[in-house]
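In what follows, a structure is listed as structure tokens, so that the remarks can point back to it.
The values are calculated or read from the model by the stated rules, or taken from the named source; none is laboratory data. Because the structure is a prediction, the values reported are computed rather than measured. Neighbour counts run over all protein chains shown; Cβ positions are idealised from the backbone, glycine included.
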Amino acid sequence: MKTDEFARHDGTALAELIRRKEVSASEVLDATIAAVEARNPEINAVICRLDDQARAAITAGLPAGPFTGVPYLLKDLGAHYQGVVTSGGGALFKDFVPDHDSEITRRLKRAGLVIVGKTNTPELGLASSTEPRLFGPTRNPWNPAHSAGGSSGGSAAAVAARMVPMAHATDGGGSIRIPASACGLFGLKPTRARNPMGPDQGEGWGGASVGHAVTRSVRDSAALLDATSGPDVGDPYWAPPPARPFLEEVGRDPGHLRIAITTQPWNGQAVDAECAAAARAVARLCESLGHSVEEASPAADAGQLGAATLVIIGANLRAALEARAAALGRELDETDVERITWIRAMDGHTARAADYARAIGIMHRTGRQVAPFFSRYDVLLTPTMCRPPYPLGVIDMMTSDPVGYGQAVLSTIAFTSLWNACGNPAMSVPLVWSRAGLPLGVQFVGGFGDEATLFRLAAQLEAAQPWANRRPPLAAGA
């Protein structure tokens with residue numbers, strides 16, 4: 001399979017070619033490896049290659065699934081692969097080798113996917129840019145001087161650079177949607193607990209974090225979610241079951257949707273004119289497709305929620321770091337982690353148990369306050385981020401300017417993080433590019449459990465204003 005042919009196809013199309021025996025899984029793997037070797041040195045998206053494991057899986061015989069033979073990358077966080085390091089982008093975990101697969105990894109393998117490597121992430125997924133001290137920064141394929149977003153920046157950069165058609169990602173405050181926006185991809189954060197996090201966790205960050213993928217096509221995202229979603233044995237709770245497979249929503253008429261739009265984030269951050277204009281342009285596109293759009297926004301106390309989120313993240317982070325240090329037989333030390341990681345870990349050290357309980361209560365109360373909004377509107381439309389992707393170095397967790405760092409992070413998560421607290425599904429759709437040639441995603445949020453409406457609308461937008469043929473300069477000649 002030639003590189004250009006490989007780059008043209010999404011995962012669904014590659015699977016069909018393999019099913020029809022027009023190309024073999026081994027030939028597709030060869031094309032993947034060639035793409036990684038050609039493009040990864042420039043953008044540093046893949047930090048662990050699994051060429052031998054991938055070839056062995058094909059030789060052993062792949063399961064018959066929706067993506068049999070299709071290459072896939074795992075984020076180096078939130079998905080264990082037996083016998084392979086899961087570092088989470090942090091030096092403290094650089095030698096941590098799990099002795100089992102995560103449930104999400106098992107389901108991906110059962111879908112027939114060929115896992116070819118692991119992707120870069122900021123230390124323990126804490127930043128909205130991917131610039132870990134352990135592996136170095138991931139560069140945006142559209143402009144290597146800029147961030148690919150985070151924390152799933154390695155996955156997004158690899159997909160945008162046409163190394164693979166889709167890749168694993170996780171989202172605890174925007175970490176699927178932000179890199180999807182930065183790299184010109186489709187990125188859906190599912191409803192809380194739609195995908196399993198076991199067996200090592202029942203939930204992430206008090207239920208704020210969820211795993212799924214970044215993809216180039218809507219149908220790949222839907223088919224992947226069909227393959228991975230649903231409760232696992234022992235899960236503490238799970239998302240409402242869908243009415244039908246998510247893939248069946250792709251191409252289904254969304255009907256007349258009541259769409260609310262806001263370009264004012266809840267945390268008061270300033271919004272770049274291009275990002276606001278992108279959302280308004282997409283609102284006009286939605287109106288041309290027969291939907292009604294009006295200005296409206298749910299109320300939320302961003303200051304209170306932000307403070308609660310720091311407690312929740314800090315407590316979970318501190319517990320993870322202390323457990324790892326104990327496994328290594330020593331005390332946790334400030335030099336074990338990056339500067340911002342240590343600040344967050346100190347949040348978790350100084351907060352009391354009562355503070356954590358109050359923080360969880362604030363998060364749950366926010367979800368209940370916001371939920372009635374989606375009885376009046378089917379979807380909320382916003383920019384994904386307050387500004388185009390930052391240059392590299394602005395959101396570096398080794399910074400000596402934590403205040404400036406914090407303000408930069410707030411401008412990336414201003415529209416996204418509320419939906420992690422509330423648990424609603426939300427997606428970034430790649431419909432607009434900036435004057436400088438950087439992608440500007442727009443976000444759509446659905447009611448709790450209602451990925452179906454988002455998939456229907458996304459497919460309609462994809463057909464009306466296709467993005468599949470837009471390639472970054474790095475992959476233009478692929």
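Side notes on the structure shown:
- Extreme residue, farthest from residue 436 (Cα to Cα), among residues of the stretch 244-260 that are in a loop (DSSP other than H, G, I, E, B) and under 24 Å from the mean Cα position of the chain (by Cα): 244
- Yes/no for residue 366 being in contact (Cβ under 8 Å) with a residue 12 or more places away in the chain, touching a Gly at 6+ places or on another chain (Cβ under 6 Å) and of a type outside the set (Phe, Trp, Tyr): no
- Filter result (of a type in the set (A, V, I, L, M), buried (at least 24 other Cβ atoms within 10 Å of the Cβ) and assigned to a loop (DSSP other than H, G, I, E, B)) within the stretch 134-162: 148, 161
- Among the residues making up the stretch 307-351, those that are surrounded by fewer than 15 Cβ atoms within 10 Å (Cβ to Cβ) and either among the charged types (D, E, K, R) or part of a loop (DSSP other than H, G, I, E, B) (or both) are 328, 329, 330, 331, 333, 334.
- Qualifying residue in the stretch 35-52 (condition: in a helix (DSSP H, G or I), more than 28 Å from residue 199 (Cβ to Cβ) and of a type in the set (Gly, Ala, Ser)): yes
- Every test in (1) in a loop (DSSP other than H, G, I, E, B); (2) more than 23 Å from the chain's Cα centre (by Cα); (3) farther than 26 Å from residue 193 by Cα is passed by residue 263 save one, and that test is (2).
- Of the residues making up the stretch 102-133, just one is among the hydroxyl-bearing types (Ser, Thr, Tyr) and part of a helix (DSSP H, G or I), namely 105.
- Among the residues of the stretch 286-306, those that are farther than 26 Å from residue 252 by Cβ, surrounded by 13 or more Cβ atoms within 10 Å (Cβ to Cβ) and of a type outside the set (A, V, I, L, M, F, W, C) comprise 297, 298, 301, 304, 306.
- Residues of the stretch 177-219 satisfying the condition of being in contact with a strand residue (DSSP E or B) (Cβ under 8 Å, 6 or more places away or on another chain) and either at pLDDT below 95 or over 16 Å from residue 75 (Cβ atoms) (or both): 181, 184, 186, 191, 192, 193, 194, 203, 216, 217, 218
- Residue in the stretch 82-100 that is at pLDDT 95 or above, touching a strand residue (DSSP E or B) at 6+ places or on another chain (Cβ under 6 Å) and part of a loop (DSSP other than H, G, I, E, B) present: no
- Lone unmet requirement of (1) of a type in the set (Gly, Ala, Ser); (2) closer than 19 Å to residue 155 by Cα; (3) more than 18 Å from the chain's Cα centre (by Cα) for residue 102: (3)
- Filter pass, residue 175 being without any contact (Cβ under 8 Å) to a residue 60 or more places away in the chain, out of contact with any Cys (no Cβ under 7 Å at 6 or more places or on another chain) and crowded, with 24+ Cβ neighbours inside 10 Å: yes
- Considering the stretch 266-280, the residues that are under 23 Å from the mean Cα position of the chain (by Cα) and over 16 Å from residue 440 (Cα atoms) include one that is surrounded by the most Cβ atoms within 10 Å (Cβ to Cβ), namely 266.
- Evaluated against (1) over 25 Å from residue 418 (Cα atoms); (2) free of Cβ contacts under 8 Å to residues at least 60 places away in the same chain, residue 145 falls short on exactly one condition, (2).
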